[in-house]
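In what follows, a single structure is set out as structure tokens and then discussed.
The values are calculated or read from the model by the stated rules, or taken from the named source; none is laboratory data. Note that the structure is predicted; figures quoted are calculated from it, not measured. Positions of Cβ are generated from backbone atoms using ideal geometry, with glycine treated the same way; all protein chains shown enter the neighbour counts. We work out accessible area using only protein heavy atoms, side chains counted, and drop any ligands, DNA or RNA first. Shrake-Rupley method; radii C 1.70, N 1.55, O 1.52, S 1.80 Å.
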Amino acid sequence: MSEIKKRDFEPETEAYFDSLSKEIEKNYKVAEMARAKGLDPVDKVEVPLALTMAAKVVRLIATVYPQLDNEDIINRLLELEKKYGALEPQVTFAIAEEIAKEKFCKFDSQLEAIDAGIRVGFAYTTLGVVASPIEGYTELKTGETRDGKKYFKAYFSGPIRSAGTTATCVVLMLIDYLRQVFGYARYDPSEQECKRFVTELLDYHDRVTNLQYLPTEEEMEFIAKNIPIQICGDPTEKREVSNYKDLPRGDSNFIRGGFCLVAAEGMAQK
């Protein structure tokens, strides 16, 4: 296409996008008026408008923590991108730490602030376009080490698969990074917990569905003994694990799909 033809198209393109913007704004106003009537469960439009990736990231997590719908966080993400480069891991870790330290808004507890930071960092890694940061990574809790110190228990479910292997590993590193920043202890798995780790992966692969990557028992044992946070998850199957049940720091005797995906197709595969 010649330069003349390109220039001929530019006004049409600008007019098209201008029309889109005006119509979106008009439709949002109509939707807000309809919701304001109080006939729906929520009296406002629940899907915020996001025109940049930074806005998508922040407003995705704002569905969980509404106080995060803050232009300061969006602008800070853009600043960090200019400093480190778009989609660089430094941006992920920096924005997560700042949110966890409540630099932009307050949370009900330190653990909730850390959880929000993890979700925003995770959403940035996944471009703000998949459900993993709100449905795949589901919760952060604390447990107690054998000498009474608090450590992190990170919960995952099936939608973690949409994040991809790299992002799944990044969120585990991010959780461990914030663990160190805030002074939480390393997870200290017992021999029984390590054996449960191995058994559950084998049971999932053999009795539920084949894992994309099944680690060797040596790999499973290495991860189980050395991972500094406890990978957890809600039970997803009606089958119980075949052995190592009723552990004091275990949440369920049933097989947990999210745990298996993160441990095998995330950590071990990458």
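Structure values in brief
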| item | result |
| --- | --- |
| Test: A15 is surrounded by 12 or more Cβ atoms within 10 Å (Cβ to Cβ) and assigned to a helix (DSSP H, G or I) | no |
| Every pair of residues 6+ apart whose Cβ atoms lie under 9 Å, when the first sits in segment 204-220 and is open to solvent by less than 50 Å² (accessible area, probe 1.4 Å) while the second is among the polar types (S, T, N, Q) | L211/Q269; P215/Q269 |
| Qualifying positions in segment 120-155 - touching a Lys or Arg at 6+ places or on another chain (Cβ under 9 Å), under 23 Å from K101 (Cα atoms) and of a type in the set (A, V, I, L, M, F, W, C) | A123, L127, I134, L140, F152, A154 |
| Residue within segment 72-95 that is farther than 26 Å from T166 by Cβ and either open to solvent by 80 Å² or more (accessible area, probe 1.4 Å) or touching an Asp or Glu at 6+ places or on another chain (Cβ under 6 Å) (or both) present | yes |
| Filter pass, F104 being touching a residue at least 60 places away in the same chain (Cβ under 8 Å) and open to solvent by 40 Å² or more (accessible area, probe 1.4 Å) | no |
| K44 vs. criteria open to solvent by 100 Å² or more (accessible area, probe 1.4 Å), at pLDDT 85 or above, closer than 23 Å to E71 by Cβ and not aromatic (F, W, Y) | no |
| Enumeration of residues in segment 120-164 that are assigned to a helix (DSSP H, G or I), open to solvent by 30 Å² or more (accessible area, probe 1.4 Å) and either modelled with pLDDT under 95 or touching a helix residue (DSSP H, G or I) at 6+ places or on another chain (Cβ under 6 Å) (or both) | T125, E135, G158, P159, R161, S162 |
| Condition check for R196: outside any helix (DSSP H, G or I), of a type in the set (K, R), within 25 Å of K245 (Cβ to Cβ) and more than 11 Å from the chain's Cα centre (by Cα) | no |
| Criterion (aliphatic (A, V, I, L, M) and within 16 Å of K153 (Cβ to Cβ)) met by exactly one of V262, V208 | V262 |
